[in-house]
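Only one structure is covered here, and it is reproduced in the block below.
The values are calculated or read from the model by the stated rules, or taken from the named source; none is laboratory data. Being a predicted model, the structure only gives us computed values, none of them experimental. Here the Cβ is made from the backbone with ideal geometry for all residues, glycine too, and neighbour counts use every protein chain on show. Keep in mind that these areas ignore ligands, DNA and RNA; they rest on the heavy atoms of the full protein, side chains included. Shrake-Rupley method; radii C 1.70, N 1.55, O 1.52, S 1.80 Å.
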Amino acid sequence: MKSKIKASILLVCALGAVLLIPVFLSKDEPIEVSVPLLDLAQIQAQEAKEQKAAEQSAAQAKLRRMYSCTADEDCIIVDKDPCGCLVGPQGVTAINASYTLDFNKMQSSLIAKACPEGAPSVEKECSPSAQAVCVQNTCKITY
């Protein structure tokens with residue numbers, strides 16, 4: 001008899017729990033969700049912006065590698081201006097020799113311009129004693 005009473009009580013409790021589940025899971029008011037609507041132009045603009053940022057990041061990483069080095073032998077002096085030392089010391093820079101072709105490709109997109117008349121500068125980076133060295137893993141020109 002005790003086992004029948006115990007089973008009946010457990011059955012009533014189980015039924016009560018099953019009947020109370022919808023009460024706990026329901027709300028008086030539905031939950032409103034607002035999602036901003038994006039049109040195709042906005043989505044494409046966002047994708048283009050993200051792609052441009054990724055390309056810029058890749059270009060910056062390539063530039064960092066272009067100037068990176070581990071030894072003085074890695075570095076060379078190159079013209080960063082089409083006129084080189086004719087425009088002064090700012091016309092040259094030191095890069096990693098492994099990236100000379102990449103650097104030249106970048107320079108080929110520069111606009112052609114008329115170079116100043118006269119002899120090339122011989123000050124600082126353009127002096128005969130200037131040489132490319134590796135300083136703190138970056139190519140620099142010493143003079």
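What accessible area per residue comes out for the chain, rounded to a whole number of Å², with a 1.4 Å probe? Per-residue accessible area for the chain comes out at 79 Å². The mean sequence distance of close C-alpha pairs (under 8 Å, at least 6 residues apart), as a share of the length of the chain, puts its relative contact order at 22 percent.
Cysteines in the chain that lack a partner Cβ within the 4.7 Å cut-off: 13. Of the solvent-accessible surface of the range 1-132, computed with a 1.4 Å probe and all protein chains present, 61% belongs to carbon and sulfur. The value for the chain of Rg(Cα) / (2.2 N^0.38 Å) is 2.47. Available extension along the chain between residue 2 and residue 19 is 3.6 nm, counting 0.36 nm per residue and deducting the alpha carbon span.
Shape analysis of the range 33-97 based on the Cα gyration tensor places the equivalent ellipsoid semi-axes at 43, 16, 7 Å, largest first. Mind pulling the angle between the C-alpha long axis of helix 40-67 and the longest principal axis of the chain? Nearest 10 degrees, somewhere in 0 to 90. Roughly 50 degrees, rounded to the nearest 10.
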